[in-house]
Amino acid sequence: MEKRPRAGDGGGGGEVSGTLGGGLVDILPEALLVEVVGRVGLEAACSAAASCRALRGAAGAALSAVTSLDLSVFPPTNGIVNRILDGNGALRSLTVNCSLLDDSAVAAIAKGSLRELELLKCSLFTPYLFAVIGERCANLRSIKLEVADLNGSEHFVICRKSLAHIFKGCDYLENISLKFPLRTPGSVDFDSLVSAIPSTTKVLLLQPVAIWQAKKLFPISPSLKTPFSDSLESLSLVLDIITDELVTFITGSLPQLLELCLEDNPGSETDLDTDLTNIGLQALGICQNLTHLSLTRGKLSYSSTFRRVNDFGILMLAEGCKQLQTIRLGGFAKVRDAGYAALLHSCKDLKKFEVSTASCLSDLTCLDLDEAATKITEVRLLSCSLLTSETAISLSSCTNLEVLDLSGCRSIADAGLVSISQLSKLTLLDLAGADITDAGLSALGNGRCPISSLCLRGCRRITNNGIASLLLGSGTINKTLVALDIGNIARISGRAVTVIAKNCEQISSLCLRNCVLITDPCLETLGSVQHNSGKSPLRMLDLSYCSRLSRSFLRLFDPLFDPPLFRGLRWLGIGKNVLERRGNSPTVAEILERKPGLTICANNCEMGCRNQCHPDVRTL
């Protein structure tokens, strides 16, 4: 095959032409190089581009033809975004962490070819962003905007008044998600968007919304219907309060609704006269096509439960919405086993079932699942204080179960874990706060579960021996586990970390939060084992409130450390105590300057800042 000339071929210029004597890369056809570089992912492509001119040209050509790009793992700068997106006219889907971006990046982001655009943690943009998206992205089908709170920043105030610009030129939008910080509901001018939201909209998420705004969005009178009333299939709202009247408005004005997610966060004690009751749940029966339902009261709310809903309301819901496939309920403290069991037995196509903070839910709910057992793939029973190992034993009959979350159920013990260990499709298991011991972990380590994500946070009876039993057993978990949370366990030390490093080479997410025995040598061992293996799979590491780490522990994450450790790390949790501590060497700022692809979080967030939207530490 004849080699085609490439821009960038020529003299050495001091660059390395390749690792194989400078000959192999240069003689390969450009088309082949572009094909190879295009398949290795963004990170590897950028690394290859720094090695020689041939690969730089191939990387540029590959990036210009990319149709889908996710830049959410780390916060890119304006310069990085402009270089990556420059010249790409084929991009159809783009996700960006915008913590460090301002209007200088808008021209690169707003491409006419885009169909899906997701902008996360926006904090520095002005209304110019919305105007340009409306002008250039005429073919946009999906827009997701997440705004970070910058302590009253004027940018936040400006942006919330400029949302309508997005819709002026985007006539084909089907998916709209607008998430602002949970300040006082009503502070975002959502009600002015009623006439601007396109009639093609099928999916709508708004946060936060005041109850009076929601009533304008979904008027019950046919003469006042909004343009998107007949097309909307999925609705998610975060409100100040969920009322019967609101549920009636929604069900009466949205005949095509398939998914409904309502969450409220009352800022004060709710008035019993306006709070959700059994009548509101009965009204949901009008939505004959409803397949996904989520009704929750936020954990941060003043009143954490729906005090006027009992078994009767849930029974009416089960009778009216038998086609539900996903159910998520939180804060229904007066609902007992009869109500929850009715949902499990009435909804014949139920696949996902989640209940949280249900103080009256006991083992009787899952005692006899019958036909439901083979269809259910996900069960989450969170902070249900009456549950014991009997529930775990009952759920072992769900042979297709893939996700099991029993976090906060403190009476789950080893007997339950023995039953769970035989679920051959289970990939996620959360036992945070459970009463399990090393013996239970031994059963899991010898079991059949291909678990990829395991949470043992706060299981205080676990020791280093338990982690060894888990990962040195005859089962499959040491080959499949990629995310492990062993935070808040006092007896976890460097020995457990060494076992993890040596026997779970594919681990990409590790939480050691508040493990007080973790020291600098523990981390150096973890990094050294991965370095010596030639692999760097670890992407997220949580060390928040590991109080025995020295003032110089951050040197282990410094690219200048010899040999460089944790080369693949993208997120590091350190806790505010480390950020504010004097005498750190190197400092957080120095690490971030040398390693721009790393996010360091000091906000006590969960791994990867999941479900949290705050400014990058560089902007504080």
From the list L124, L55, exactly one residue is part of a loop (DSSP other than H, G, I, E, B) and surrounded by 18 or more Cβ atoms within 10 Å (Cβ to Cβ). Which is it?
L124
Filter the stretch 60-107 down to residues that are touching a Gly at 6+ places or on another chain (Cβ under 6 Å) and in a helix (DSSP H, G or I) and give me whichever is most open to solvent (accessible area, probe 1.4 Å).
S64
Restricting to the stretch 241-264, and then to whatever is open to solvent by 40 Å² or more (accessible area, probe 1.4 Å) and in contact with an Asp or Glu (Cβ under 8 Å, 6 or more places away or on another chain), can you tell me which residue is nearest to L293 (Cα to Cα)?
E259
Being open to solvent by less than 40 Å² (accessible area, probe 1.4 Å), modelled with pLDDT of 90 or more, under 29 Å from the mean Cα position of the chain (by Cα) and over 19 Å from T305 (Cβ atoms) is the requirement here; does L235 meet it?
yes
Condition met for D311 (at pLDDT 95 or above, in contact with a Ser or Thr (Cβ under 7 Å, 6 or more places away or on another chain) and either more than 19 Å from C261 (Cβ to Cβ) or open to solvent by 60 Å² or more (accessible area, probe 1.4 Å) (or both)):
no
Residue in the stretch 35-48 that is surrounded by the most Cβ atoms within 10 Å (Cβ to Cβ), counting only those that are touching a residue at least 12 places away in the same chain (Cβ under 8 Å) and among the aliphatic types (A, V, I, L, M)
V37
Restricting the stretch 367-388 to residues that are assigned to a helix (DSSP H, G or I) and not hydrophobic (A, V, I, L, M, F, W, C), the residue that is surrounded by the most Cβ atoms within 10 Å (Cβ to Cβ):
K375
Name every residue in the stretch 504-516 that is open to solvent by 10 Å² or more (accessible area, probe 1.4 Å) and either in a loop (DSSP other than H, G, I, E, B) or over 20 Å from L572 (Cα atoms) (or both), in order of residue number.
E505, Q506, S508, R513, N514, V516
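Yes or no, residue by residue, for (1) more than 21 Å from S407 (Cα to Cα); (2) assigned to a loop (DSSP other than H, G, I, E, B); (3) in contact with a Lys or Arg (Cβ under 9 Å, 6 or more places away or on another chain); (4) open to solvent by 10 Å² or more (accessible area, probe 1.4 Å):
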site: G473; (1), (2), (3), (4): yes, yes, no, yes
site: G487; (1), (2), (3), (4): no, yes, yes, no
site: K502; (1), (2), (3), (4): yes, no, no, yes
site: I518; (1), (2), (3), (4): yes, yes, yes, no
site: H531; (1), (2), (3), (4): yes, no, yes, yes
site: S536; (1), (2), (3), (4): yes, yes, yes, yes
site: S544; (1), (2), (3), (4): no, yes, yes, no
site: S547; (1), (2), (3), (4): yes, yes, no, yes
If we keep only residues of the stretch 23-34 that are touching a residue at least 24 places away in the same chain (Cβ under 8 Å) and out of contact with any Cys (no Cβ under 7 Å at 6 or more places or on another chain), then the residue most open to solvent (accessible area, probe 1.4 Å) is I27
Could you go through the stretch 324-342 and let me know if any residue there is open to solvent by 10 Å² or more (accessible area, probe 1.4 Å), without any contact (Cβ under 8 Å) to a residue 40 or more places away in the chain, out of contact with any helix residue (DSSP H, G or I) (no Cβ under 6 Å at 6 or more places or on another chain) and small (G, A, S).
yes
Scan the stretch 389-401 for residues that are in a loop (DSSP other than H, G, I, E, B) and either in contact with an Asp or Glu (Cβ under 6 Å, 6 or more places away or on another chain) or among the hydroxyl-bearing types (S, T, Y) (or both) and report the count.
3
Here is a list: L417, L386. Which entry is touching a residue at least 24 places away in the same chain (Cβ under 8 Å) and within 19 Å of L456 (Cβ to Cβ)?
L417
Take the residues of the stretch 396-405 that are of a type outside the set (D, E) and touching a strand residue (DSSP E or B) at 6+ places or on another chain (Cβ under 6 Å): which is least open to solvent (accessible area, probe 1.4 Å)?
L404
Suppose we keep only residues that are open to solvent by 30 Å² or more (accessible area, probe 1.4 Å) and charged (D, E, K, R) within the stretch 286-308. Which one would you say is nearest to E378 (Cα to Cα)?
K299
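The values are calculated or read from the model by the stated rules, or taken from the named source; none is laboratory data. It should be emphasised that the depicted structure is a prediction, and the values quoted were computed from it without experimental measurement. Here the Cβ is made from the backbone with ideal geometry for all residues, glycine too, and neighbour counts use every protein chain on show. We work out accessible area using only protein heavy atoms, side chains counted, and drop any ligands, DNA or RNA first. Shrake-Rupley method; radii C 1.70, N 1.55, O 1.52, S 1.80 Å.
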